[in-house]
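Let me begin by presenting the structure, written as structure tokens, before commenting on it.
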Amino acid sequence: MNPALVEATRGGIVESMHRGALAIVDARGATVHTLGDTTRPVFARSAVKVLQALPLVASGAADAMALSDEELALACASHNGQAQHVATAAGMLAKVGLDDTALECGAHWPQHEVAQRELAASGRLQPPR
């Protein structure tokens, strides 16, 4: 089992504890220090979205597409299906001549309760992709 790396406290009482593993490497990629099971596969998902969006900016694509602050923020994060986020994502796709059919991620109901109700009330059987 991986060691506890972080404890969140409230009023001096440990409210939650988070286990994990870490590896520190030097500029050449040589391991300097490890803690926990660093060979176990990791599915970072949302934790690295900002790193996944970095090439969008570094390549000049964000400037070429004239992405707004809202669009860049969405590229760096998850959203819960609120209408403004869906519209922002659709606008980003439109800037490159695509629509939601180009997305390969699965569609699911919004996690945001109000957005769930709005989608259900719209009569669409499936959430927008």
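The values are calculated or read from the model by the stated rules, or taken from the named source; none is laboratory data. For clarity, every value in this text was computed on a predicted model and none was experimentally measured. Neighbour counts run over all protein chains shown; Cβ positions are idealised from the backbone, glycine included.
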Q) Given Gly29, Gly36, which one is surrounded by 14 or more Cβ atoms within 10 Å (Cβ to Cβ) and either touching a strand residue (DSSP E or B) at 6+ places or on another chain (Cβ under 8 Å) or not assigned by TED's automatic domain parsing to the domain that holds Ala94 (or both)? A) Gly36
**Q.** Number of positions in region 12-33 that are outside any loop (DSSP other than H, G, I, E, B) and more than 14 Å from Met1 (Cα to Cα)
**A.** 10
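Yes/no per residue for (1) at pLDDT 85 or above; (2) over 15 Å from Ala53 (Cβ atoms):
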site	(1), (2)
Leu67	yes, no
Ala75	yes, no
Gly91	yes, yes
Arg129	no, yes
Q | Residue count, region 83-129 (criterion: closer than 25 Å to Val57 by Cα and not in a helix (DSSP H, G or I)) | A | 8
Q.
I need the full set of residues from region 93-112 which are surrounded by fewer than 11 Cβ atoms within 10 Å (Cβ to Cβ) and more than 19 Å from Ala53 (Cα to Cα), in order please.
A. Gly97, Asp99, Thr101, Gly106, His108
Q: Determine if region 32-43 includes at least one residue that is aliphatic (A, V, I, L, M) and at pLDDT 85 or above.
A: yes
Q.
Pull out all pairs, ordered by first then second residue, where Cβ-Cβ is under 6 Å, the residues are six or more apart or on different chains, the first lies in region 69-84 and is among the polar types (S, T, N, Q), and the second is surrounded by 16 or more Cβ atoms within 10 Å (Cβ to Cβ).
A. Asn80/Pro110; Asn80/His112; Gln82/His112; Gln82/Ala115
Q: Mind listing whichever residues of region 49-68 are in a helix (DSSP H, G or I) and of a type in the set (A, V, I, L, M)?
A: Val50, Leu51, Ala53, Leu54, Leu56, Val57, Ala58, Ala61, Ala62, Ala64
